[in-house]
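Quick notes on the structure that follows.
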Amino acid sequence: MNQQMWAAKATQRNLATLIEDGVHVIMPDAGSQACGDVGLGRMPEPEDLAHQVTEYFHKAQRAIAEKFGLLAGKQVMITAGPTREAIDPVRYISNHSTGKMGFALAAACYAAGANVTLIAGPVSLDTPNGVKRKNVSSAVQMLNESMQMLENGCDIFIATAAVADYRVAEVAEHKIKKAGDELNVALVKNPDIVATIAQQEKRPFMVGFAAETRNIEEYAAGKLVAKKLDMIACNDVSRADIGFASDENAMTVFFAEHYQLDKRDLEKASKQEIAQQLIEAIHDALHRDPSSDDDF
């Protein structure tokens, strides 16, 4: 509207009544107007209107989630993506993880009312809305960041990252030049991040992931016990339809014996849907844990 119409006492009186009644008001922009006047009254750009409306509903949804969500008030830490283990300044050892499952879980945990910190390896994904992100490269860096964040308090630790099992013993200072038909590189074992966190005195609820190509359930059940986890989710990454780069997944979930929960088969669905089902599984386990003081 024209700046004089906007400034009119009746308009401002009505506006004040709306605000007092709790109506959310998107204020006009200032600038040149069709009549030649300059001042408040211009319609904000459509993109800005869309952003403000989205933010309004996001805040409303977040307020509800923080009070009633399945993970309301929980401090959640998630590792996601691959790690890169340098060979020289040019080359590195890594894997095919894209981080999609971990990022989907971060978004779902936040939507469930949790405060989420995402420790991400090298991936090309946008940070989910409301999630705090820490970028790392190597397994050692991911462990160090996890341990540091653990000091700030953590209720649930979800290890979706595909961490390299080994790193180069001695990283070359300069690019290794091609010489001969063979190149031998000595590797040393990387620290086991999820097992290390699980051994801490004030350990959080531990969720591990097992990306396997054979004996999927057998290996996952073994990791659950060996690493002293509360829950583990496994999938067959040899399947192209649910592998690392896929937007869909299918998983089997196992719980530590004392939870007395049967394994769950999560049928093929989008990674966002799988993430929601995993959150429900975590909630159910916490609800069954006799050592938990949480009131669900």
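The values are calculated or read from the model by the stated rules, or taken from the named source; none is laboratory data. The structure displayed is predicted, hence computed values, not measured ones. No Cβ is skipped: glycine too gets one built from the backbone with ideal geometry, and neighbour counts run over all protein chains shown. What goes into the accessible areas is simple: the full protein's heavy atoms, side chains included, and nothing from ligands, DNA or RNA. Shrake-Rupley method; radii C 1.70, N 1.55, O 1.52, S 1.80 Å.
Overview of values
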read-out: From Leu118, Leu125, Leu143, residue being modelled with pLDDT of 95 or more, over 16 Å from the mean Cα position of the chain (by Cα) and closer than 19 Å to Gly99 by Cα; value: Leu143
read-out: Neighbours by Cβ (under 9 Å, 6+ apart or cross-chain): first from segment 136-151, farther than 10 Å from Arg84 by Cα; second of a type in the set (Phe, Trp, Tyr); value: Ser146/Phe157; Leu150/Phe157
read-out: Pair list, Cβ under 7 Å, 6 or more apart: segment 100-122 residue touching a residue at least 24 places away in the same chain (Cβ under 8 Å), other residue basic (Lys, Arg) and in a helix (DSSP H, G or I); value: Lys100/Lys271; Met101/Lys271; Ala104/Lys271
read-out: Candidate set from segment 221-247 (those that are β-branched (Val, Ile, Thr) and at pLDDT below 95); member that is farthest from Thr196 (Cα to Cα); value: Ile242
read-out: Residue in segment 83-91 that is in contact with a Cys (Cβ under 7 Å, 6 or more places away or on another chain), open to solvent by 60 Å² or more (accessible area, probe 1.4 Å), closer than 30 Å to Asp165 by Cα and at pLDDT 95 or above present; value: no
read-out: Failed item, numbered, when Val237 is tested on (1) under 23 Å from Ala114 (Cβ atoms); (2) open to solvent by less than 60 Å² (accessible area, probe 1.4 Å); (3) within 21 Å of the chain's Cα centre (by Cα); value: (1)
read-out: Options Phe209, Phe157; residue that is at pLDDT 95 or above, touching a helix residue (DSSP H, G or I) at 6+ places or on another chain (Cβ under 6 Å) and either open to solvent by less than 40 Å² (accessible area, probe 1.4 Å) or closer than 19 Å to Asp230 by Cα (or both); value: Phe157
read-out: First in segment 57-82 and on the phi > 0 side of the Ramachandran plot, second anywhere and open to solvent by 10 Å² or more (accessible area, probe 1.4 Å), Cβ under 7 Å, 6 or more apart; value: Gly73/Glu66; Gly81/Ser97; Gly81/Pro122; Gly81/Val123; Gly81/Ala161
read-out: Residue match in segment 59-78 (condition: within 23 Å of Ala269 (Cα to Cα) and either surrounded by 23 or more Cβ atoms within 10 Å (Cβ to Cβ) or basic (Lys, Arg) (or both)); value: yes
read-out: Selection within segment 1-46 - assigned to a loop (DSSP other than H, G, I, E, B), over 26 Å from Phe57 (Cβ atoms) and open to solvent by 90 Å² or more (accessible area, probe 1.4 Å); value: Ala34
read-out: Enumeration of residues in segment 183-193 that are open to solvent by 50 Å² or more (accessible area, probe 1.4 Å), part of a loop (DSSP other than H, G, I, E, B) and at pLDDT 95 or above; value: Ala186, Asp192
read-out: Candidates Leu125, Leu49, Leu118, filtered to the one that is open to solvent by less than 70 Å² (accessible area, probe 1.4 Å) and within 23 Å of Phe205 (Cα to Cα); value: Leu118
read-out: Any hit, segment 220-233, residues being more than 17 Å from Met251 (Cβ to Cβ), surrounded by fewer than 21 Cβ atoms within 10 Å (Cβ to Cβ), in contact with a strand residue (DSSP E or B) (Cβ under 7 Å, 6 or more places away or on another chain) and β-branched (Val, Ile, Thr); value: no
read-out: Residues that are open to solvent by 20 Å² or more (accessible area, probe 1.4 Å) and in contact with a strand residue (DSSP E or B) (Cβ under 8 Å, 6 or more places away or on another chain), drawn from segment 139-152; value: Val140, Glu145, Met149, Leu150, Asn152
read-out: Close pairs from segment 194-213: first assigned to a loop (DSSP other than H, G, I, E, B), partner buried (at least 20 other Cβ atoms within 10 Å of the Cβ) and of a type in the set (A, V, I, L, M, F, W, C), Cβ under 7 Å, at least 6 apart; value: Arg203/Ile197; Pro204/Cys154; Pro204/Ile156; Pro204/Phe157; Thr213/Val237
read-out: Given (1) hydroxyl-bearing (Ser, Thr, Tyr); (2) surrounded by 14 or more Cβ atoms within 10 Å (Cβ to Cβ); (3) modelled with pLDDT under 95, number of the condition Tyr56 does not satisfy; value: (2)
